[in-house]
1. Report yes if A119 is among the small types (G, A, S), surrounded by 22 or more Cβ atoms within 10 Å (Cβ to Cβ), under 18 Å from G45 (Cβ atoms) and under 18 Å from the mean Cα position of the chain (by Cα), otherwise no.
2. What are the residues in segment 97-120 that are more than 18 Å from T33 (Cβ to Cβ) and touching a residue at least 60 places away in the same chain (Cβ under 8 Å), if any?
3. Which one of R83, R65, R49 is farther than 15 Å from L112 by Cβ and surrounded by fewer than 18 Cβ atoms within 10 Å (Cβ to Cβ)?
4. Please give the number of the condition T30 fails out of (1) buried (at least 20 other Cβ atoms within 10 Å of the Cβ); (2) polar (S, T, N, Q); (3) within 15 Å of the chain's Cα centre (by Cα).
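Only the coordinates and a few stated rules stand behind these numbers; no lab work does. The structure presented is a predicted model; accordingly, all values stated were derived computationally and were not measured. Here the Cβ is made from the backbone with ideal geometry for all residues, glycine too, and neighbour counts use every protein chain on show.
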Amino acid sequence: MASFFTFPNPVNEKAARVVATGVVLLTVATLATQSWVLLLILTAGFLGRLLAGLKLSLLGTLASRFIAPKLGAAKLVPGPPKRFAQGIGAVVTITASILYFTNHETAAWVALGILLVAASLEAFAGFCLGCTIFGVLQRRGVIPQSVCEACNNVSRRRTAEEVDAELNASFKRIPTL
């Protein structure tokens, strides 16, 4: 069960940007409709990706298994900063949900506006705000260097083929309904 709750490391940057594009589209739809259902779907997506990487994220699965491979060779980046970014997204969407359901709708939509900016930076400019925050916290000693040795040592990163083999093995362990 512990292996179920893992996050890929390294991560295909192209897949991460596709996921971010999906988050942008879902956030825009949520803001346009002010739908609590879409807000909860957005929240569940972040929680799923934070807790179990691709295994609990339809968007993550679509991005990594079907869309990103069509974009060419994988560009591998360390996983821990991406997981940290998913955690920030989870905190923002949980906060927005709490605000919405406690009759602070305007504050909820403002929180989603902040999420929209961060997701847009990742999707369209390849700039991961959460990853940058992770790096700052790691350099200041708040996050131990051991959490992401690959962040400082490019030679420890795996090849795209090794990541594909790990992803395929992970998907084989997912129980089918």
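1. Yes, satisfied.
2. S120
3. R65
4. (3)
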